[in-house]
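Asks: Structure incoming, see below.
Coordinate-derived values only; no laboratory data. Here the structure is a predicted model, which means the values were calculated and not measured. Counting neighbours? That spans all protein chains shown, and the Cβs are built from the backbone with ideal geometry, glycine included.
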Amino acid sequence: MAFRGLDFLPHGTKFPFISFRKLSFALSSLALLASIGLFTVKGLNYGIDFRGGTLVEIQTEGTADIGSLRSKLGSLGLGDVQIQQFGAPTDVLIRVEEQAGGEEAQQAVVGKIRSALGDGVTYRRTEVVGPTVSAELITSGTEAVILAILAVLVYIWFRFEWQFSLGAVAALVHDILLTIGIFSFLQLEFNLSIIAALLTIVGYSLNDTVVVYDRIRENLRKFKKMPLEQLLDLSINETLSRTILTSVTTLLALGSLFVFGTEVIRGFTFAMIWGVVVGTYSSIFIGAPILLYFGVKRDWSGVGGSKYKDPTVGKSA
């Protein structure tokens, strides 16, 4: 007996995605403007990685008394000290702002915290980042994201056509800006792990978009006379089951990490969950419909002028 692959949606789905392009473009434009506005006005809640300072993760013997911890550390004269309980009632994160005096002053903070808290506390993690390093990390992180987008632009240009390349980059920029916007709105900590999440989102969104583009390219060869809007709808529907199945299985894994994982990876996991959702949306409602405005060649014959000729070419839809 032949095994039949799993279809997440009924075979032959004909949902008119392209007819919603004006609505999706309008909603995305508003969301992008809101994201840019939030970033400009509120900015991001940069973590120790980018601001410089000291982070100490501790575990108390019993339920952590946040008020007592604030009282003990507030008297040390360290400036802004943030104390946050997370995960188990015994787990606490302590963040101390960057101290004047360079690396030695940063290192001295850890000693002062240990002296103030005394025994009965287990130190699980300590991170110290100086101002010079934090500035370099911001620059390097920004460059990494921009270079990733430019690499995608070149790759899609050679793989398909310039119209597809611009569509893929538009979808990627859309996903990254919305991710930055949600972090600015919720004031979640933005650190190096979020930069890693942004780069991962670029890869995930690109993979989703390329799958749809591959089917569009195949159908452009196959259905020479089919109106482009109808052809785009056909291509999206033909790949819809794969797209949703991939997204759902990825979200299940990420959801488990978000709920049961530690505070260290929670920001990264949230960014990935958000990225998968907006990446799936942009592949369907941004990357594909935008080709209607850029236009595509109906006599596309492959990369580098390939002489490949599909046997179905010439047949009407």
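Asks: Using the Cα centre of the chain as the reference point, and only Cβ charges (+1 on K/R, -1 on D/E), how large is the resulting charge dipole? Debye, rounded to the nearest 20.
Replies: Details: 27 positive and 27 negative charges, 360 e Å.
Roughly 1720 debye for the chain.
Asks: With point charges of +1 on the Cβ of Lys and Arg and -1 on the Cβ of Asp and Glu, referenced to the Cα centre of the stretch 53-129, which listed residue (GLN99, GLY62, THR122) lies farthest in the positive direction of the dipole?
Replies: GLY62
Asks: When you have a sec, figure out the Kirkwood radius of the stretch 53-129 from all distinct Cα pair distances and drop it here in Å to one decimal? Working shown, then result.
Replies: On the way: mean 1/r = 0.0803 Å⁻¹.
In the stretch 53-129 this quantity evaluates to 12.5 Å.
Asks: Okay, moving on. If I take every Cα pair under 8 Å that is 6 or more residues apart in the chain, average their sequence separation and divide by the length, what percent do I get for the relative contact order? Please list the in-between numbers first.
Replies: Values: 444 pairs, mean separation 78.6, N = 317.
Averaging sequence separation for qualifying contacts and normalising by length gives 25 percent for the chain.
Asks: Given a 10 angstrom Cα cut-off, can you work out which residue in LEU166, LEU33, LEU117 is the most mobile in a GNM of the chain?
Replies: LEU117
Asks: What is the fewest-to-most order of LYS224, LYS42, LYS14 by other Cβ atoms lying within 10 Å of their Cβ? Don't skip to the end; give the middle numbers.
Replies: Details: LYS224 16, LYS42 13, LYS14 9.
The order, fewest Cβ neighbours first, is LYS14, LYS42, LYS224.
Asks: Here is a follow-up. Most fluctuating residue of VAL276, VAL202, VAL145 in a GNM of the chain with Cα springs under 10 Å: which is it?
Replies: In this elastic network of the chain, the residue with the biggest mean-square fluctuation among VAL276, VAL202, VAL145 is VAL145.
Asks: Continuing with this model, one more query. Just to be sure I understand the curve: with the Debye formula and one point per C-alpha of the chain, what is log10 I(q)/I(0) at q = 0.16 Å⁻¹?
Replies: -1.29
Asks: Please count, across the chain, the pairs of lysine residues with Cα atoms under 29 Å apart that sit 8 or more places apart or on different chains.
Replies: Lysine pair count for the chain: 28.
Asks: Please state the relative contact order of the stretch 53-129 as a whole percent: Cα pairs under 8 Å, 6+ residues apart? Don't skip to the end; give the middle numbers.
Replies: Details: 126 pairs, mean separation 37.4, N = 77.
Dividing the mean separation by the residue count of the stretch 53-129 yields 49 percent.
Asks: Going through the DSSP H helices of the chain, which span 27 Å or more along their own axis at the Cα atoms while scoring at least 0.0 as a mean Kyte-Doolittle hydropathy? Walk me through the intermediate numbers first.
Replies: Numbers: long enough: 21-41 (29 Å, 1.42); 131-159 (42 Å, 1.40); 162-186 (36 Å, 1.62); 192-222 (45 Å, 0.53); 228-260 (46 Å, 1.02); 263-282 (29 Å, 1.07).
The qualifying helices are 21-41, 131-159, 162-186, 192-222, 228-260, 263-282.
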